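One structure coming up, written as structure tokens, with questions to follow.
A short reminder: the numbers here are calculations on the coordinates, not readings from a lab. Because the structure is a prediction, the values reported are computed rather than measured. Ideal geometry is used to build each Cβ from the backbone, glycine not excepted, and the neighbour counts take in all protein chains shown.
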Amino acid sequence: MQFLIHGVHWLLVPISFVIPWLILFLIGWSLWAAIRDILDRSRQMHRIPCADCRFFTGDYHLKCTVHPASALTEQAIGCPDFESGKRLPLPQETAY
Ligand code: SF4
């Protein structure tokens, strides 16, 4: 056994140097990829205009009076009916 260890010693030293650095590199690469994905996703979510649209109700029952299915989703990016301004009041919010 001792003979075998001395026989491959010249190979174990570079391997024991490379493997930890390779693991550190892969961890760093994974962290970088995760941060990049989070930033890309965050940028994409901030492109959804519904929160500033006057047709957005703020009520989860009917999020938008024009496009209820696509409000607050990525489908709303570039919505042709986006209109900036104060949101319209819901029927129960109006004073009688
Ligand atoms: S009209 Fe378009 S931008 Fe405005 S709330 Fe509805 S889906 Fe969003």
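For every helix of n ≥ 4 consecutive DSSP H residues, a contribution of -39,500 (n - 2.57) applies; sum these over the chain, divide by its total residues, and give [θ] at 222 nm rounded to the nearest 500 deg cm²/dmol. Numbers along the way, then the final one.
Values: 2 runs with 43 residues, N = 96.
Calculated mean residue ellipticity at 222 nm is -15500 deg cm²/dmol.
Further question on the same structure: Quick check: net charge around Phe55, other residues with Cβ under 9 Å of its Cβ, Lys/Arg +1 and Asp/Glu -1? Could you put the intermediate results ahead of the total?
Numbers: positive: Arg54, Arg87; negative: Asp81, Glu83.
Summing Lys and Arg as +1 and Asp and Glu as -1 gives 0.
Extension gain Val18-Asp59, at 0.36 nm per residue separation less the Cα-Cα distance, in nm? Display every interim value, and only then the final one.
Numbers: separation 41, 0.36 × 41 = 14.76 nm, distance 5.66 nm.
Computed gain between Val18 and Asp59 is 9.1 nm.
Okay, next question. Any chance you could tell me what percent of the C-alpha pair distances in the chain go past 21 Å?
Working: 2741 of 4560 pairs.
Everything past 21 Å amounts to 60 percent.
Please work out the Kirkwood hydrodynamic radius for the stretch 2-45, using every pair of different C-alpha atoms, and report it in angstroms with one decimal place. Write out the running numbers ahead of the final one.
Details: mean 1/r = 0.0762 Å⁻¹.
Answer for the stretch 2-45: a Kirkwood hydrodynamic radius of 13.1 Å.
Can you tell me the orientation of helix 9-45 relative to the chain, as the angle in degrees between its alpha-carbon axis and the longest Cα principal axis, to the nearest 10?
So the inclination is approximately 0 degrees.
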